Amino acid sequence: MKDLVEAASETQPRTIGVLDLRFGGTSQLQNLYQEGASKALFARKQNGAEAICINTSGGITGGDRLTGHFETRDSAHLCVTTQGFERIYRSLNKTNGVIKNSITVRDKSSIYWLPQETLFYDGGYLDRSLVVNADSSASVLIVEPTLFGRIAMGEDKICGSLIDRITL
């Protein structure tokens, strides 16, 4: 049986994911690119489109990297959400997990950015950025809820690092 100290020092597999969604016209999907752990499902809606982003790895830890680009144009409407909490797990070597998202909204279109909560566990390290490019005719709603531990589970003392940037 492997020694736990030895197992912790070995190079751990890292999650990489890329997601690119572009909508136009009557909120029709014009481009879908999925790579690695990043996937999207689409809910049926009468007005606009709804994309549900999925991280198939189940969470983020040190060295993981997820990127996403979401774009609407030509009066399209898109609501972007996630399937559940994005969990930020302990980083064994204090290396950040990285989430980089960008939103482009043009030509009287709109995006609602409504992910489920990001949940930090003790020892989590995350560098997260969201860059929004919107022209004067576009509208954007952004919500980025973040929780640090779960009091009901006795997680009331959380240490780690969060670098969080939203650029408009």
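Rule-based calculations on the coordinates, nothing more; no lab input. Since the structure is predicted, the reported quantities are computational estimates derived from the model, not experimental observations. FYI the Cβ positions are ideal-geometry reconstructions off the backbone, even for glycines, and counts take in every protein chain you see.
Please compute P(r) over all alpha-carbon pairs of region 81-168, binned at 10 Å starting from zero, and give each bin as a whole-number percent.
For region 81-168, the pair-distance distribution reads 16, 42, 27, 12, 3.
Restricting to DSSP loop positions (anything but H, G, I, E, B) with no more than 10 other Cβ atoms inside 10 Å of their own Cβ, which trypsin sites (Lys or Arg not before Pro) remain in region 7-50?
Those satisfying the criteria are 44.
May I ask for the Rg/Rh ratio of the chain, computed from Cα atoms with Rh as the Kirkwood radius, given to two decimals?
We get a ratio of 1.03 for the chain.
Compute the orientation-averaged projected area for region 4-103 from the convex hull of its Cα atoms and round it to one decimal in nm². If you can, show how the numbers build up before the last one.
On the way: hull surface 26.9 nm².
Mean projected area for region 4-103: 6.7 nm², to one decimal.
Per residue and in Å³, how big is the convex hull formed by the alpha-carbon atoms of region 128-168?
Numbers: hull volume 2.7 nm³, N = 41.
In region 128-168, the Cα convex hull volume per residue is 66 Å³.
Quick check for you: which residues of region 30-68 have the amide N under 13 Å from the point 7 Å beyond the Cα of residue 74 toward its beta carbon?
30-31
Taking a cut-off of 15 Å between Cα atoms, list the aspartates and glutamates near residue 39, but don't count ones fewer than 8 places away on the same chain.
Once the sequence-local aspartates and glutamates are set aside, what remains near residue 39 is 20, 50, 86.
Rg over Rh of region 42-99, using C-alpha atoms and the Kirkwood radius, what does it come to?
Dividing the radius of gyration by the Kirkwood radius yields 1.11.
Would you mind ranking 69, 77 so that the residue whose beta carbon has the fewest other beta carbons within 10 Å leads the list?
Values: 69 17, 77 20.
The fewest-first ordering by Cβ neighbours comes to 69, 77.
Antiparallel DSSP bridges in the chain: what percent, to the nearest 5?
Here the share of antiparallel DSSP bridges comes out near 20 percent.
Between residue 128 and residues 5 or more places away or on another chain, which pairs have amide H atoms under 5 Å apart, with H built 1.01 Å from N, and which residues are they?
Long-range HN contacts for residue 128: 99, 163, 164, 165.
Which part of region 10-35 falls in the paramagnetic zone of residue 56, meaning amide N under 12 Å from the point 7 Å along Cα-to-beta-carbon?
Output list for this probe position: 16-18, 34-35.
Report the trypsin sites (Lys or Arg not before Pro) located in region 125-168 that are in a DSSP loop and have at most 13 other Cβ atoms inside 10 Å of their Cβ, or state none. Kindly include the intermediate steps, with their values, before the conclusion.
Working: sites: 128, 150, 157, 165; in loops: 150, 157.
Answer in residue order: 150, 157.
For region 43-96 and region 136-164, compute the distance between their C-alpha centroids and round to whole Å.
14 Å
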